[in-house]
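Let me begin by handing over the structure; questions about it come next.
A short reminder: the numbers here are calculations on the coordinates, not readings from a lab. Just so it is clear, the structure is predicted and the values come from calculations on it, not from any experiment. Using ideal geometry, Cβ is built from the backbone for each residue, glycine included, and neighbour counts are taken over all protein chains shown.
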Amino acid sequence: MNTNNIHPIFDRLLQREDREKRLEQKSKVLWLTGLSGSGKSTIAEALERKLYNEGFFAQVLDGDNIRSGINNNLGFSIEDRKENIRRIAEISKLYLNSGVIVINSFISPTIEIRNFAKSIIGETDFIEIYINTPLEICEQRDVKGLYKKARAGEIKGFTGIDSPYEAPLNPALEVKTIQMSVEECVDFIYKYIYNHINF
Ligand code: ADP
């Protein structure tokens, strides 16, 4: 390395902007919220693939890699749900700082809990996407058989059944999955976020 011509970047800690520049993207947190079975994970995974194919660098966070790992000591009480979201938001912030686009797939049922996540992540980096699917449809899909168990009283405090879901009042984007295929939902989100993530 020619030290006479050293770039100022070597004189200071690497910043998020440096990493964003290297990845040629702007990092954001896409926060997908919706009922169980609304389509969050399906859309998150397909969107992650689409972003990858388009040259972006993104990572899905969902129950599979969070609840089963770092948060495996948490249940579904009010306090534990809050702690679950706090850790997810803090992890998202680390990814943000690494220049990575984060796609979060969590029910995050209340306005308060999403505001809490937004306050940790920061308003300008938090893009709330409401995966809007009517409860009847989610229950018909019953992807994991959880609605049946909740109706039978085998699961207590299940969102939409005996625990409330508060829809976002002013989401950045609302995706109605009964009107669009998975691919159309992904394209719809991609078109919206493109200007936010393009370097
Ligand atoms: P969640 O992560 O919100 O609990 P999942 O993604 O696990 O929901 O399940 C959603 C189900 O709905 C999947 O079986 C998926 O194939 C189906 N589905 C039907 N149409 C759509 C759509 N337009 N977008 C997303 N999922 C859809």
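Here are some residues: SER41, SER68. Which one is closer than 25 Å to THR133 by Cβ, in a helix (DSSP H, G or I), away from the ligand (no atom under 12 Å from the Cβ) and hydroxyl-bearing (Ser, Thr, Tyr)? Lay out the reasoning, then the answer.
Details: SER41 fails: away from the ligand (no atom under 12 Å from the Cβ).
Just a single option satisfies the conditions, and that option is SER68.
How do the pairs read when you match residues in the range 176-189 that are over 12 Å from LYS40 (Cβ atoms) with residues anywhere that are outside any helix (DSSP H, G or I) and within 8 Å of the ligand (Cβ to nearest atom), using Cβ under 9 Å and keeping only pairs 6 or more apart or on different chains?
LYS176/ILE131; LYS176/THR133; ILE178/THR133; ASP187/MET180; PHE188/VAL175; PHE188/MET180
Please go through the range 112-154 and give me each residue that is touching a residue at least 40 places away in the same chain (Cβ under 8 Å), in a helix (DSSP H, G or I) and within 13 Å of the ligand (Cβ to nearest atom), ordered by number.
Hits for the range 112-154 are LEU135, ILE137, CYS138, GLU139, ARG141, LEU146, TYR147.
If you don't mind, there's one more thing I want to ask. Could you list, in sequence order, all residues of the range 9-50 that are within 11 Å of the chain's Cα centre (by Cα), of a type in the set (Gly, Ala, Ser) and more than 18 Å from ALA172 (Cβ to Cβ)?
Of everything in the range 9-50, just one residue is within 11 Å of the chain's Cα centre (by Cα), of a type in the set (Gly, Ala, Ser) and more than 18 Å from ALA172 (Cβ to Cβ), namely SER41.
Could you check GLU83 against (1) in a helix (DSSP H, G or I); (2) free of Cβ contacts under 8 Å to residues at least 24 places away in the same chain; (3) closer than 30 Å to TYR165 by Cα; (4) out of contact with any Leu (no Cβ under 7 Å at 6 or more places or on another chain) and say which number it fails?
Evaluating GLU83 over (1) in a helix (DSSP H, G or I); (2) free of Cβ contacts under 8 Å to residues at least 24 places away in the same chain; (3) closer than 30 Å to TYR165 by Cα; (4) out of contact with any Leu (no Cβ under 7 Å at 6 or more places or on another chain) leaves (4) as the failure.
Looking at the range 155-195 only, could you name the residues that are basic (Lys, Arg) and within 14 Å of the ligand (Cβ to nearest atom)? If you could, list the steps in order and put the result at the bottom.
In the first step, residues of the range 155-195 are kept if they are basic (Lys, Arg); the result is 156, 176, 191.
The answer is LYS176, and nothing else.
One residue is enough: does the range 86-101 have a residue meeting the conditions within 16 Å of the ligand (Cβ to nearest atom), touching a helix residue (DSSP H, G or I) at 6+ places or on another chain (Cβ under 7 Å) and among the hydroxyl-bearing types (Ser, Thr, Tyr)? Step through it out loud before you land on a result.
We begin by selecting, within the range 86-101, every residue within 16 Å of the ligand (Cβ to nearest atom); these are 88.
Those left that are additionally touching a helix residue (DSSP H, G or I) at 6+ places or on another chain (Cβ under 7 Å): 88.
Right, trim to among the hydroxyl-bearing types (Ser, Thr, Tyr) and you get none.
No.
Further, regarding this structure: For the range 30-78, enumerate the residues that are in contact with a strand residue (DSSP E or B) (Cβ under 9 Å, 6 or more places away or on another chain), over 16 Å from GLU184 (Cβ atoms) and of a type in the set (Gly, Ala, Ser).
GLY34, SER36, SER41, GLY55, ALA58, GLY63
Kindly provide the set of residues from the range 128-155 that are farther than 25 Å from ALA89 by Cβ and among the aromatic types (Phe, Trp, Tyr), ordered by number. Quick ask: steps written out before the conclusion?
Of all residues in the range 128-155, those farther than 25 Å from ALA89 by Cβ come to 134-137, 139-143, 145, 147-155.
Within the range 128-155, just TYR147 meets the criteria.
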